[in-house]
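Student: Before anything else, here's the structure in question.
The values are calculated or read from the model by the stated rules, or taken from the named source; none is laboratory data. In this text, all values refer to a predicted model and were calculated from it rather than measured experimentally. A quick note on method: Cβ atoms are made from the backbone with ideal geometry, for glycine too, and the neighbour counts reach across all protein chains shown. Protein only, heavy atoms only, side chains kept; ligands, DNA and RNA dropped before computing areas. Shrake-Rupley method; radii C 1.70, N 1.55, O 1.52, S 1.80 Å.
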Amino acid sequence: PIEQSTGAKEISVPFSTKEYYSDKDNFRAKSSGNSPDLQTAKKIALQNAKSEMAGMIQTTIKKVTDQYTQQRTVGNQQDFSNKFEEIAREVTNQELVDIKMLGEKLFKETNNTYTYWVAIEANKQAVLNGIDKGISANKKIEQDYDKKKFEEIFNAEMEKLAKERGY
């Protein structure tokens, strides 16, 4: 069949190459913000990228926690999971403070607004260290925590995330 041209023009999205995708060692996210005010455009882009990354980190930690509690003999599984998720949220919030900026691009639109793109990264090891620290501060769940086992499952989940992203 002959393709009809719709008049649509393909555009490339900044930071769409592999080095900006999450891999087995890092969580990565990108996003944009648009505003007549440059600072607001930057703020929107960073907020959006951080939200995407927070979702990714928390989803990964939830998967790991679920697998961990199924594979281990944990006293009160529900209590352990709830406490673990609480620690995961705190760690995620901390990591979003310590993110690394991978790149930024600024566009001045024809309507005089700014579109700002940003790519950010959080290191997997920093996330794991934060979880360890949070757990050692909580004696109740520390007794059910096997750091080596948790890390094994976490690393396997990061490998899966990398494969989903084409690594």
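Student: Taking θ = phi - 60°, what integer Hz values does the Karplus form 6.51 cos²θ - 1.76 cosθ + 1.60 yield along region 109-125, in sequence order, with x for Gly and Pro?
Tutor: So the Karplus estimates, Gly and Pro as x, are 7, 5, 8, 6, 9, 10, 10, 10, 10, 9, 10, 10, 9, 10, 7, 4, 5 Hz.
Student: Calculate how steeply helix 147-164 sits against the longest principal axis of the alpha-carbon atoms of the chain, using the helix alpha-carbon long axis, and give the answer as 0 to 90 degrees to the nearest 10.
Tutor: Rounded to the nearest ten degrees, it is 20.
Student: Taking +1 at the Cβ of each Lys and Arg and -1 at the Cβ of each Asp and Glu, which of V127, T59, M158 sits farthest along the dipole of the chain towards its positive end, judged by Cα position relative to the Cα centre?
Tutor: Farthest along the dipole direction, towards plus: V127.
Student: Under a straight-distance cross-link criterion of Cα-Cα below 28 Å, which lysines are reachable from K147, leaving out those fewer than 8 residues away in the same chain?
Tutor: Cross-link targets: K24, K50, K62, K63, K83, K100, K124, K133, K139, K160, K163.
Student: Excluding ligands, DNA and RNA, what is the solvent-accessible area per residue of the chain at a probe of 1.4 Å, expressed in Å²?
Tutor: With the other protein chains kept in place, the chain gives 60 Å² per residue.
Student: Decide, for region 88-144, between rounded, prolate and oblate: order the square roots of the alpha carbon gyration tensor eigenvalues as a ≥ b ≥ c, take rounded if a/c falls under 1.5, and otherwise choose prolate if a/b is larger than b/c, else oblate.
Tutor: It comes out prolate by the Cα gyration axes.
Student: Report the charge-dipole magnitude of the chain in Debye, nearest 20, computed about the Cα centre from +1 at each Lys and Arg Cβ and -1 at each Asp and Glu Cβ.
Tutor: Here the chain has a charge dipole of around 120 debye.
Student: Obtain the nm distance between the two label points defined at Q58 and Q94 by a simple spin-label model: each point lies 7 Å from its Cα along the Cα-to-C-beta direction.
Tutor: 1.8
Student: Once you keep just the Cα pairs under 8 angstrom separated by 6 or more residues, what percentage relative contact order results for the chain?
Tutor: 33
Student: Using modelled backbone amide H atoms (1.01 Å from N, in-plane), which distant-in-sequence or interchain residues come within less than 5 Å of G103's amide H?
Tutor: A119
Student: Follow-up. Using only alpha carbon positions, build the gyration tensor of region 39-102, then give the equivalent ellipsoid semi-axes as the square roots of 5 times its eigenvalues, largest first, whole angstrom.
Tutor: Sorted largest first and rounded, they come to 31, 10, 9 Å.
Student: Using a ≥ b ≥ c from the Cα gyration tensor of region 1-57 (square roots of the eigenvalues), is it rounded, prolate or oblate, where a/c under 1.5 gives rounded and otherwise the larger of a/b and b/c decides, a/b for prolate?
Tutor: oblate
Student: Measure off, as a whole percent, the carbon and sulfur share of the 1.4 Å-probe accessible area of region 100-167, all protein chains present.
Tutor: About 49 percent, which is the carbon plus sulfur part of the accessible surface.
Student: Here's something else I'd like to know. Just the ratio, please: alpha-carbon radius of gyration of the chain over 2.2 N^0.38 Å, N its number of residues.
Tutor: Dividing the Cα radius of gyration by 2.2 N^0.38 Å gives 1.28.
Student: Right, next: For N129 and K148, calculate 0.36 nm times their separation in residues minus their Cα-Cα distance, and state this gained length in nm to one decimal.
Tutor: 5.6 nm
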